[in-house]
Structure formats: C-alpha cells, structure tokens
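Structure record follows, encoded as structure tokens.
The values are calculated or read from the model by the stated rules, or taken from the named source; none is laboratory data. What you are looking at is a predicted structure, and each value in this text was computed from that prediction instead of being measured. Cβ placement follows ideal geometry from the backbone for every residue including glycine, while neighbour counts extend to all protein chains displayed.
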Amino acid sequence: MNYRPAWYNKRFIIVACLFITFLFTLPSFSTAYTRKERDKFQRSIVDFRSRLNPRFKKVRRKNTIYIVVHTSELGLKTTLRVVSKGKRFRSGRRTNGGHTHYVIARNGRTYRILDKKYVADHAGLSMWNGEMDLSKISIGIELVGYHYAPISEKQYQSVGILIDILKGAYNLDDRAVLTHSQVAYGAPNRWFRKNHRGRKRCAKNFVRAKAGLGPTWSYDPDVNAGRLMADAQLAEVFYSQAKFELQAEEANIISKRNTAWVIAGEDFDSTTTVYKFPNGRLYTGDQIAKKIGWNRIPAKTVVLLNQESSVELLKDDGPVKTISDGTTAWSLAGKLYNRKTTIYFLPSGQVKPGSMINDWDDLPARTRLIIGYKGPYKLNKGQSAFRIAGFNFNDQKTIYYLPTKKLLRGHKIEDFSKLQSGTLVFLPAAL
C-alpha cells in the first residue's frame, strides 16, 4: 500500500475546488450559431466604411469591455447618413460622423460603418459600474427604428449572431451587452436635481431573449452606489422583477404616463424634436417653454424625434400624411402602420393597404398615407361618387385618388361630373 501524507488529500481537494471555481467564472459563450452561419453572416455585411466622414478622427480602442445596443430613432436612409457623415442641426452645428460600428436595418441587413478596432462616438455622456465615457471601451450597434416601436424579428436574428461573434472576439459574456438607455446619464434638469439616468431612451424596447442573450444586470450599479439618480421607468424596464411589457400608450404620444421626458429624454427641448398637437399645430422643443409651458402640453400630442428638415414638411393636409426623410410610417401611424385600413400611396402610383407593407422603413419619401379608411371603390359609368359614398360624397373625410396621382378631399372637388373614370374613392372605416 502506497503511503500518502495527511496533507496530500487536502491539498488535492483545495486545488480541485479552485479549478472548478475558475471554470464557473469564465465568460459563457453562446453555441447557438455554427461556424458556417457565422461565416455566411460576416460575408453578408455591407461595407459602408468608405462613406465615413473624412473629418472623423480614427483612434484605436485600447480595451473592449461592453457592447452597447441602440435604436437609431430614424429610418434607414437617414440613419446611414447620420452615423457615417454626422448629424446636422438647424442651428448650423454639425458632428463628424463615426457614430457607430454597425447598423442593422429592419430587414436584417447589416452595415459596417467603422472598423471595430476604432473608437466610435456612440455613447456620449455615459457611465456603467463607475466607468465613464463608454464610447472608449465599447462596440456600438444601431438598430434602425424607434424605442417606442417593435424591433423586427430579422433584426433580432442579425444582432444575435453579430453579438455572438463580438463576444467571442473580445472574450465577453452576456452581461457585457447593455443598451444605450442603460448606460447614458444626464446633468441636472427640471426633472432631476442631480446627475441621473434617463438621458436616452433608445433600445429600452430591446428584448434580450430574442437576441439569444441571458438576463441583464439585476440592478444599476451606479444608482446603487449613489453616483446617479434612478429613472423610474427605465428601472422598471430593466430591473423590476415583474415582467415589463410595452403598453399601447408607451409610444410617442403624450399622456399622463408619457411625459416629454419619458418619450424624448434629453432631447425634450431640442430644436430637432417636434411636438404635433391634436389641433395640428407644430412646435419644436425649444419653443415649448416660452409659448406653451411644459406642464400644458395637451394629451395625444405626438412627439417626433430627429427632425432635421423643415418643420413645414410635417404639416398635415387633413387626414393625408406624407412621409419625409425625417419621418416613417411608424412616426405617423404608430401601431396602425400595417393595418388594412391604413392606405399607402407610393410615388410610383401603387396603392397598398398596410397589411401588404412588409417593412415600413422601406417606404420612399413622399409616400402618402391615410389612416382608418376602407376601399378603394372605383368610379366608372355605373358607379358614381354618390352611389359609393352616399351623402358623404363631398365630405372632407372622403378621399379621392385621381389617375394623375393627385389626392383630393371631397369638399375640395367643385364638379364631380368631371372626375375621371378609374378615380379611386376611400371612405372612413367607421362609415
């Protein structure tokens, strides 16, 4: 029988325990994607790096500790321009671009804006676990869309595999993946007396499980340490034990629950944030304090973010809405964008109900839409306007789409006998 000193087994047990502890503390990596899937995805990435603003100064990142997910609060075309070339303000101020590493469109197509080894100016004033200026230590991913609109399934598929690749490249675990709304913070303002969370709302609608990620942190380390004040809604979204679900009213519409701050964050008083009152009047964020007062914004006011273009483009022609470079179907129709009672009139002359629109972000500028309508009913020799609409034939809510691609409301038509055969008629769905 071999003799072993008494300390031998104890030492073995201690070493084994330390080794097991080490294994459990290693980052956990997803095995959801095969090598073939990763390679296929990487080959599909659209290289947009040549579009980068030449004035953007490239600086190599020394450490990569986090991956920060954003929603762009814009449509695809404008997102690509802003993150590459920079943001323009009506005041004349401009940025130099380089605002993210990747952009993922609603159809899942992924664009490489900046090589991942460089610092992207994406996080702004930010803090996490005592670390400041997260742009210097993180990768930025922009999901095209809005924090008050659903992220598409194809976006989740792409962002999931992209994050999986980046976690492997930088030896990160799931808790290293955060949203911009989690890490951004702001200076004191009318809602907060100290530095606080809530400066940004982007990606608060990001569902981690749909991207193949485990839970986020169970608490905000900077709030717990007293470095920042909590934002009540974001704390509910990210750290509440009760499952938070985005309710219908949690959109870009002012209500008792949805204040200007809840919707727009630090951009609540920006010149690029537009408040569209129920009576149709428009105000930019910098006009509200003097002309209206922040406590007097009426309920059902629609808040539009990042409106760089002229405010005049946002004015309605009654029930007819027009998509511009700064607006999308979701901006104008909200969750009704894909209903069969939302009708789209494309610049090409095509007319489609929302139920036939696969991706609201692909709609071109100058597309018009009407919300809450049925039709079309076609005028011909045996089908007059009166026969279709009855006594509402000349009502301002009855819409006529002429073969010349012109949209007219019933009360604007002087002689119905001159309407061309083939004119389409749309009636309010409630009629």
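One residue is enough: does region 160-178 have a residue meeting the conditions surrounded by fewer than 21 Cβ atoms within 10 Å (Cβ to Cβ), in a helix (DSSP H, G or I), modelled with pLDDT of 95 or more and under 19 Å from the mean Cα position of the chain (by Cα)?
Yes, region 160-178 has at least one match.
Can you go through G186, G226 and tell me which one is touching a residue at least 12 places away in the same chain (Cβ under 8 Å) and farther than 18 Å from I137 by Cβ? Talk me through it step by step, then tell me what you get.
Numbers: G226 fails: touching a residue at least 12 places away in the same chain (Cβ under 8 Å).
Criteria check complete, one pass: G186.
Quick check: is even one residue across region 90-112 over 18 Å from the mean Cα position of the chain (by Cα), part of a loop (DSSP other than H, G, I, E, B) and closer than 19 Å to A230 by Cβ?
no
Just to be sure I understand, how many residues within region 208-238 are outside any loop (DSSP other than H, G, I, E, B) and either among the small types (G, A, S) or surrounded by 18 or more Cβ atoms within 10 Å (Cβ to Cβ) (or both)?
Kept after step one, since they are outside any loop (DSSP other than H, G, I, E, B), are these residues of region 208-238: 208-211, 221-224, 229, 232-238.
Adding the requirement that they be either among the small types (G, A, S) or surrounded by 18 or more Cβ atoms within 10 Å (Cβ to Cβ) (or both) leaves 208-209, 211, 222-223, 229, 232-235, 237-238.
Number satisfying all stated conditions: 12.
State the number of residues belonging to region 61-101 that are of a type in the set (G, A, S) and surrounded by 23 or more Cβ atoms within 10 Å (Cβ to Cβ). Reasoning before the result, please.
Kept after step one, since they are of a type in the set (G, A, S), are these residues of region 61-101: 72, 75, 84, 86, 91-92, 97-98.
Next cut, surrounded by 23 or more Cβ atoms within 10 Å (Cβ to Cβ) only: 72, 75, 97-98.
The total comes to 4.
If you scan region 374-431, which residues turn out to be aliphatic (A, V, I, L, M) and part of a strand (DSSP E or B)?
The initial filter retains those residues of region 374-431 that are aliphatic (A, V, I, L, M), namely 379, 385, 388-389, 399, 402, 407-408, 413, 419, 424-425, 427, 429-431.
Those that are aliphatic (A, V, I, L, M) and part of a strand (DSSP E or B): I399, L407, L408, L424, V425, L427.
So, P347, is that one under 19 Å from E73 (Cα atoms), under 26 Å from the mean Cα position of the chain (by Cα) and surrounded by fewer than 16 Cβ atoms within 10 Å (Cβ to Cβ) or not? If you could, list the steps in order and put the result at the bottom.
Details: under 19 Å from E73 (Cα atoms): no; under 26 Å from the mean Cα position of the chain (by Cα): yes; surrounded by fewer than 16 Cβ atoms within 10 Å (Cβ to Cβ): yes.
Here the answer is no, as P347 does not meet what is asked.
It is to be established whether one or more residues within region 112-131 are out of contact with any helix residue (DSSP H, G or I) (no Cβ under 7 Å at 6 or more places or on another chain), closer than 24 Å to V159 by Cβ and free of Cβ contacts under 8 Å to residues at least 24 places away in the same chain.
no
Of all residues in region 188-207, which are closer than 30 Å to E153 by Cβ and buried (at least 19 other Cβ atoms within 10 Å of the Cβ)?
So the first thing to find is which residues in region 188-207 are closer than 30 Å to E153 by Cβ, and the list is 197-207.
Matches in region 188-207: R197, G198, R199, K200, R201, C202, A203, K204, N205, F206.
Is it the case that K136 is without any contact (Cβ under 8 Å) to a residue 60 or more places away in the chain and either within 14 Å of the chain's Cα centre (by Cα) or not in a loop (DSSP other than H, G, I, E, B) (or both)? Please lay out each step first, then the result.
Numbers: without any contact (Cβ under 8 Å) to a residue 60 or more places away in the chain: no; either within 14 Å of the chain's Cα centre (by Cα) or not in a loop (DSSP other than H, G, I, E, B) (or both): yes.
Here the answer is no, as K136 does not meet what is asked.
Could you tell me which of the residues S331, S324 is crowded, with 17+ Cβ neighbours inside 10 Å and in contact (Cβ under 8 Å) with a residue 60 or more places away in the chain? Lay out the reasoning, then the answer.
Values: S324 fails: in contact (Cβ under 8 Å) with a residue 60 or more places away in the chain.
None of the other options fit; the residue is S331.
Of everything in region 30-50, what is touching a residue at least 24 places away in the same chain (Cβ under 8 Å) and not β-branched (V, I, T)? Give them in sequence order.
The initial filter retains those residues of region 30-50 that are touching a residue at least 24 places away in the same chain (Cβ under 8 Å), namely 30, 32-33, 37-38, 41-42, 44-49.
The answer is S30, A32, Y33, E37, R38, F41, Q42, S44, D47, F48, R49.
Here is a list: A251, A242, A235. Which entry is modelled with pLDDT of 90 or more and of a type outside the set (F, W, Y)? Walk me through it before giving the result.
Working: A251 fails: modelled with pLDDT of 90 or more; A242 fails: modelled with pLDDT of 90 or more.
After applying the criteria, what remains is A235.
Out of (1) touching a Gly at 6+ places or on another chain (Cβ under 9 Å); (2) assigned to a loop (DSSP other than H, G, I, E, B); (3) under 21 Å from V207 (Cα atoms); (4) not β-branched (V, I, T), what's the single condition that is false for H70?
(2)
Is it fair to say A123 is at pLDDT 95 or above, buried (at least 24 other Cβ atoms within 10 Å of the Cβ) and touching a Gly at 6+ places or on another chain (Cβ under 8 Å)?
Details: at pLDDT 95 or above: yes; buried (at least 24 other Cβ atoms within 10 Å of the Cβ): yes; touching a Gly at 6+ places or on another chain (Cβ under 8 Å): yes.
In short, yes.
Just to verify a result, which residue in region 354-373, among those that are part of a loop (DSSP other than H, G, I, E, B) and charged (D, E, K, R), is surrounded by the most Cβ atoms within 10 Å (Cβ to Cβ)? Break it down stepwise before answering.
So the first thing to find is which residues in region 354-373 are part of a loop (DSSP other than H, G, I, E, B), and the list is 357-359, 363-367, 372.
Remaining after also requiring charged (D, E, K, R): 359, 366.
Details: D359: 15, R366: 13.
Only one residue tops the list, namely D359.
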